[in-house]
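The block underneath contains the structure these notes are about, expressed in structure tokens.
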Amino acid sequence: MKFKQEINRRRTFGIVSHPDAGKTTLTEKLLLFGGAINEAGAVKSNKIKKGATSDFMEIERQRGISVATSVLGFEYKNIKINILDTPGHKDFAEDTFRTLTAVDSVIVVIDVAKGVEEQTEKLVEVCRMRKIPMIVFVNKLDREGKDAFELLDEIEQKLRLKVTPLSFPIGMGYDFKGIYNIWESNVNLFTGDPKKDIEETVEISDLSTPELDDLIGTDAAENLREELELTQGVYPDFSKDEYVNGNLQPVFFGSALNNFGVRELLDCFVEIAPSPRTKESDIRLVKPDEDKFTGFVFKIHANMDPKHRDRLAFVKVVSGKFERNKPYLHVRHGKNLKFSSPNAFFAEKKQVVDEMYPGDIVGLHDTGNFKIGDTLTEGEQLNYRGIPNFSPEHFRYINNADPMKSKQLYKGIEQLMDEGVAQLFTLELNGRKIIGTVGALQYEVIQYRLEHEYGAKCSYENINVHKACWIEPKDPKSQEFADFKRVKSKYLATDKQGQLVFLADSSFSLQMTQQKYPNIHFHFTSEF
Ligand code: G4P
């Protein structure tokens, strides 16, 4: 009984946005409501500050902060909330995609003036495809921005969502008077005081009441009545089922900086957001309330102290109860492992705990056993899927710049790849190593970390690769496949799992190759 209650009271989610829309500010205000922190400014933004002297030194600085903000847990109204941090910078988009495999729902933050931006589009597309329930928060209503209807249209079109507003702004920018909370049928008046936790709220069950005119003025009241009538005509009624199934996205308006509209968002969130969900594995669907523990690694964070090379693996508990000191099967290695000091995350602290429930994130100290995507069970041979590698955007040869340190170099590369910093490909022809990354910044990060954590030096050399495709022949014994391997031997490599990869040098040559070998499948992700 207690087990089921614990599952039902958990909400594990991520906040996604384009940098600067207000993700950090919103996170902080949510933590303030949960009483998890006492003052504003306590949550450090892990974004890369514009104009920093060197982007990658800035990343190193941020890496320290992002351990602390990777998982922020707190309680609100007897609900255990876990916020999983998602980097907004596009070069780290893969980290965010991987974290999205561990959330049960998402809040999307949009800047009222800038509307839907590039990173938001990409991240929402991933959530939409995976049917992750989403709530949209339109932020910075204290500033001049787009008209609410225009913005709702833009969200529908650019993000291909079906929205329904659950609150509606009264004025904007200089004239911002507050919001009408459709979900709770009341008006919240905007005072512009960020220190106020709870704004002044007036119940308005009947919109025609003259009280509304007294509160916000006759013009604004008339306007609001018209707008709300219009929303009722245009947008569907909110349905929790539709939202949970990823078919309808409720929208809230507010100003995170002014702590306005945040309580409304949180109150609605704890009521409608799903508790931990059933997850697909390679052999079956796994339900959270099953007796036996299962979980998977979605993030690995290297220790910041170079003298201790241990790492923290972040495991999402999918089913059963995780217990300290109990042996669990590391499915990929076929080994049993015990953890004597598993960490739970609260606000900005971590703490050793004895048991964890589905929806929780456990931090496990690791000396190199884990890589992203690994599954832990009580003995069952199952693997969680959904953490594929995508074709990188950038490719370079990596060379050893200090022949005395080749062991350190290979160890370092191996571990950085397990952490998911980049992908390694080994050319079939001559064994040369190629590093593929999402952003150019990662090359500097890798070079810096190899030197500072592993004492190894590397240099890079350009290589002309357009895309990496994972190869799957219909018949591995066919003449066609043998011909392909012979003719294209120069372009073939293996990834870290030993899967065969075709490194196409242009989109044209990729097309030609696909046409020439119709019985070979060219996949753009590693999981097929
Ligand atoms: P991010 O994590 O999504 O990148 O955004 P973050 O919360 O850091 O917010 C980006 C900027 O927007 C910050 O200003 C923040 O203060 C501001 N902001 C957030 N919410 C609101 C809001 O409701 N209204 C207004 N007017 N501004 C808001 P900054 O100047 O870049 O940083 P800071 O010096 O204030 O920390």
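Every number here is computed from the coordinates shown, using simple stated rules; none is lab data. Model, not experiment: these values are computed from the prediction. We place every Cβ from the backbone using ideal geometry, glycine too, and count neighbours over all the protein chains shown.
Quick notes on this one:
- Here each label is just a point 7 Å from Cα along the line to Cβ, and for R432 and A113 those points are 4.9 nm apart.
- For the stretch 353-375 versus the stretch 246-299, the gap between their alpha-carbon centres in whole angstrom: 19
- Nearest 10 degrees, 0 to 90: helix 218-234 Cα axis against the chain principal axis: 50
- Nearest-ten-degree value, helix 507-516 long axis tilted from longest Cα axis of the chain: 60
- With contributions of -39500 (n - 2.57) from each DSSP H run of at least four residues, the per-residue ellipticity at 222 nm computed over the chain stands at -8500 deg cm²/dmol.
- Per-residue ³J(HN,Hα) for the stretch 138-146, Karplus 6.51 cos²θ - 1.76 cosθ + 1.60, θ = phi - 60°, Hz, x for Gly and Pro: 8, 9, 6, 5, 6, 10, 5, x, 7
- Close amide-amide hydrogen proximity is noted between F137 and V108, V109, I110, F252, each under 5 Å apart and 5 or more residues distant or on a separate chain (H modeled in the peptide plane; Pro and chain starts excluded).
- On the beta carbon distance between N78 and V126, with R0 = 35 Å, the FRET formula returns roughly 0.65.
- Neighbour counting of Cβ atoms within 10 Å sorts the residues K77, K316, K477, K405, fewest neighbours leading, into K477, K77, K405, K316.
- 5 angstrom amide H check on S281, placed H, neighbours 5+ away: V286
- The stretch 291-296 - phi-based ³J(HN,Hα) in whole Hz, Karplus 6.51/-1.76/1.60, Gly and Pro as x: 5, 8, 6, 9, x, 9
- The order of V352, V108, V270, going from fewest to most other C-beta atoms within 10 Å of their C-beta, is V352, V270, V108.
- Modelled FRET efficiency - R0 25 Å, V234 with R160, Cβ distances, 0.05 increments: 0.90
- Here the stretch 202-223 is scanned for amide nitrogen atoms under 19 Å from the site 7 Å beyond the Cα of E271 along Cα-to-Cβ, giving 202-207.
- The HN-Hα couplings worked out from phi for the stretch 356-369 by the Karplus form 6.51 cos²θ - 1.76 cosθ + 1.60 (θ = phi - 60°) are 9, 10, x, x, 6, 10, 9, x, 10, 6, 9, 9, x, 7 Hz, whole numbers, x standing for Gly and Pro.
- The distance between label points at K490 and N383 comes to 3.3 nm (points 7 Å beyond Cα on the Cα→Cβ vector).
- Between amide H atoms placed 1.01 Å from N, distances below 5 Å from N389 occur with S526, E527, all of them 5 or more places distant or on a separate chain.
- Taking the longest Cα principal axis of the chain as reference, the axis of helix 262-272 is set at about 70 degrees.
- Arranged from fewest to most other beta-carbon atoms within 10 Å of their beta carbon, M134, M1, M172 become M1, M172, M134.
- Computed from the C-beta positions of K411 and E444, the FRET efficiency with R₀ = 30 Å rounds to 0.90.
- Loop-located GluC sites (Glu not before Pro) in the stretch 119-161 whose Cβ has at most 16 other Cβ within 10 Å (DSSP): E144
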